[in-house]
Amino acid sequence: MAQSIKQQLLSGAFFTAVAKYSNLLISLLVTAILARMLPPADFGIVAIATVIIAFFNMFTEIGISPAIVQNRDLSQRDISNIFSFTIYFGLILSLAFVLCATPIAHYYDDARLRPICYYLSVSIFFMSCQIVPTALLYKEKLFKFIAMRSFVVQLIGGALSVGSIYIGFGLYALLVNPILSSILIFAITYLHSPIRFRAKVEFASIKKILSFSVYQFMFNLINYFSRNLDKLIIGKYLGKGSLGYYEKSYRLMMLPLQTITQVVSPVMQPVFADFQDDYKKLSSSYLQVVKLLAYIGFPLSVLLFFTSRELVLLIFGGNWVGSIMSFRILSLSVGFQIILSTSGPIFQAANAPKMLFLNGVISTFFNVIAILAGVMVFKRIDAVALGLLCSFVINFFICYASMYRFVFKIRTALFLKELVLPFVISCILFVVMMPMNSAFAGANMFLSLVAKSFVAIVVTLIFIQWWKVYDLRVLAFKIKEKMHKK
């Protein structure tokens, strides 16, 4: 990777990581408190509303943000017109969500969904308003400001969520953070980079990003159903209690995934968009990212598999035993998903949103089959988890075969070659962890978690150094030298 690309990626990833890991700690603390004070059914009902609001939020975005980052020819007038359009469109969608509140409550036979939808409609409007200002921050590569904004919003939202549960908000405490976060993100971003609002929108500006944003929006739409259909169907046919268990297992699986990829992915399109006309440079640079993520993701999957019980019970408490098996199964997909989740920014940076959309269609097809089989045939959330594990693996290989063959037009074997050694290390780690798992069966959960994590990290680092993947001794020396200079 060229030094300039390294510097941009590392700088962006560093600031994003600081905020993301801080946010993770805050999120885990808030979730741990709320999970002990609210029943699984309350999380289930809010999960239903959250899935539906995510659908409306997807329409507010309609692929505009990555299109702005990618397009080099937008004027200030164009930006003002697009910003004004998102405000009008957000207002319309917020009102539409309010009108849908009663049918949603009726469909799920729970009157509490009606006021929940009313409150969450506020976040739809502000999420729409912040799309263009946030896209400009990414385009200008202001990763430090984005990270600090995220941290401040999460800290305030988390504190008020916890405070609200103690003053009697009940399940409505789960709404405080999403509503407040949308308002604060817009306010902070707009104050930093104000954009002129135009009462009359010139649609010529919208047309400049339309060809890119349409395919991006269609991908977002199909990806929404792919990622959320499981929750909607489980909530309807297996009950809100089962949905609460499943939602917690899925969210816990997503935590390491988001912690890693949401540090890297937001930085990738703005940085790699500079090489949208040089696929050779783009593909070789991305391969280095894949290599690093593979050595993190695959061993992490093994560790999560063997620490599933400890993580669920320590974080959520004894009421959530029903989440353990589905989390254990889903954890095996983490390595594949960590890499796969970075494919979107590469399709965007390569100006290939159509190929991104086609992969989304294929992914949704396999995910829907897996979900329906788990719910309708086996009627168990762990069956849904197993089906999705298979689907994620299949979609992983299809996605990268299409990327390398049809976008980069080079052999897929170059990509697969980087996965062999990380997979071998993970298999070795699996063998090491099996007897250890039995030995710690009746031990203190915290002690078991720490011991297993320590062994997993040591074994992985030993083999990385043994096979000379990365020279960890040289890396440690450089870090020590920089710290000494400071």
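Starting from residues that are buried (at least 20 other Cβ atoms within 10 Å of the Cβ) and in contact with a Cys (Cβ under 7 Å, 6 or more places away or on another chain), keep the ones in segment 88-116 and report whichever is farthest from Phe59 (Cα to Cα).
Top of the filtered list is Ala101.
Can you tell me which of (1) small (Gly, Ala, Ser); (2) closer than 29 Å to Ala35 by Cβ; (3) surrounded by 17 or more Cβ atoms within 10 Å (Cβ to Cβ) is the one Ser128 doesn't meet?
(2)
Restricting segment 401-431 to residues that are without any contact (Cβ under 8 Å) to a residue 60 or more places away in the chain and hydroxyl-bearing (Ser, Thr, Tyr), which is nearest to Ser453 (Cα to Cα)?
Step by step, filter segment 401-431, then rank; the result is Thr412.
Got a number for residues in segment 438-448 being at pLDDT 90 or above, closer than 16 Å to Phe305 by Cα and over 29 Å from the mean Cα position of the chain (by Cα)?
Matching residues across segment 438-448 total 3.
So Arg328 fits all but one of (1) at pLDDT 95 or above; (2) surrounded by fewer than 19 Cβ atoms within 10 Å (Cβ to Cβ); (3) of a type in the set (Lys, Arg); what number is the exception?
Unmet condition: (2).
Looking at (1) modelled with pLDDT of 90 or more; (2) in contact with a helix residue (DSSP H, G or I) (Cβ under 9 Å, 6 or more places away or on another chain); (3) more than 30 Å from Gln7 (Cβ to Cβ), which is the only condition Pro103 fails?
Single failed check for Pro103: (2).
Would you be able to tell me the number of residues in segment 43-83 that are more than 23 Å from the chain's Cα centre (by Cα) and more than 20 Å from Val122 (Cβ to Cβ)?
Residues meeting the conditions: 12.
Of the conditions (1) closer than 24 Å to Phe347 by Cβ; (2) charged (D, E, K, R); (3) assigned to a helix (DSSP H, G or I), Asp277 clears all except one; give me its number.
(3)
For segment 179-212, which residues satisfy the criterion of being surrounded by 20 or more Cβ atoms within 10 Å (Cβ to Cβ), over 25 Å from Ser150 (Cα atoms) and not aromatic (Phe, Trp, Tyr)?
Ser205, Ile209 - these are the residues of segment 179-212 that are surrounded by 20 or more Cβ atoms within 10 Å (Cβ to Cβ), over 25 Å from Ser150 (Cα atoms) and not aromatic (Phe, Trp, Tyr).
The values are calculated or read from the model by the stated rules, or taken from the named source; none is laboratory data. Nothing here was measured: the structure is a model prediction, and the numbers come from that model. Cβ atoms come from the backbone with ideal geometry, glycine included; neighbour counts cover every protein chain shown.
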